[in-house]
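In what follows, a single structure is set out as structure tokens and then discussed.
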Amino acid sequence: MQTSNKNQTANQTAHTPFNQTYFHGTKAHLKIGELIEVGYNSNFGQRKNAKYIFLTSTLDAAIWGAELASGEGKERIYLVEPTGEIEDDPDLTDKKFPGNPTKSYRSIHPFKVVGEVTIWQSHPSEQIQAMKEALEKLKEQGINSLNDY
């Protein structure tokens, strides 16, 4: 039995429901369908209006994002879809680590919230405190984020 080339082509280009998963850690309370956009105060560096927003494809990096986010809200991790181009986050790539082991990215385009991770393991409180102290030390030394423009 011979199949048509049309069916073979359709099978080869068919989309699957499994797209790249991206996470965004924050303390903001968002709803499914909302957009995360630039222009809000950054959680890091000079804490100015952020030119970029951030996402990662590792849950661990998203957990850090939630734990280190400024504000008093509940730590949250959202599943997000980028609506435009994304690029490596220079703070977490070649300046500090070879390549992009944290799979951290930034964009000027919004991210659409498509879900929330509700069960995840926080880092030990001592480790979180050590990270916060290290970030504060960098700030005191005038070493700013490469994302501060």
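The values are calculated or read from the model by the stated rules, or taken from the named source; none is laboratory data. Here the structure is a predicted model, which means the values were calculated and not measured. Glycine also receives a Cβ, built like all others from the backbone with ideal geometry; neighbour counts cover every protein chain displayed.
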Cβ pairs under 9 Å, 6+ apart or interchain, first in the range 102-113 and at positive phi, second hydroxyl-bearing (Ser, Thr, Tyr), ordered by first then second residue, are LYS103/TYR22; LYS103/THR56; LYS103/SER57; LYS103/THR58
Residues in the range 88-98 that are closer than 14 Å to ALA61 by Cβ, at pLDDT below 80 and of a type in the set (Asp, Glu) total 1
Fill in: Filter pass, ASP60 being under 14 Å from the mean Cα position of the chain (by Cα), at pLDDT below 85, part of a helix (DSSP H, G or I) and within 27 Å of GLN141 (Cβ to Cβ)
no
Just one listed residue, out of GLU126, GLU85, is over 21 Å from ILE53 (Cα atoms), at pLDDT 90 or above and of a type in the set (Asp, Glu), and it is GLU126
Selection from the range 34-50 of residues surrounded by fewer than 20 Cβ atoms within 10 Å (Cβ to Cβ), modelled with pLDDT of 85 or more and under 17 Å from TYR105 (Cβ atoms) yields LEU35, GLU37, VAL38
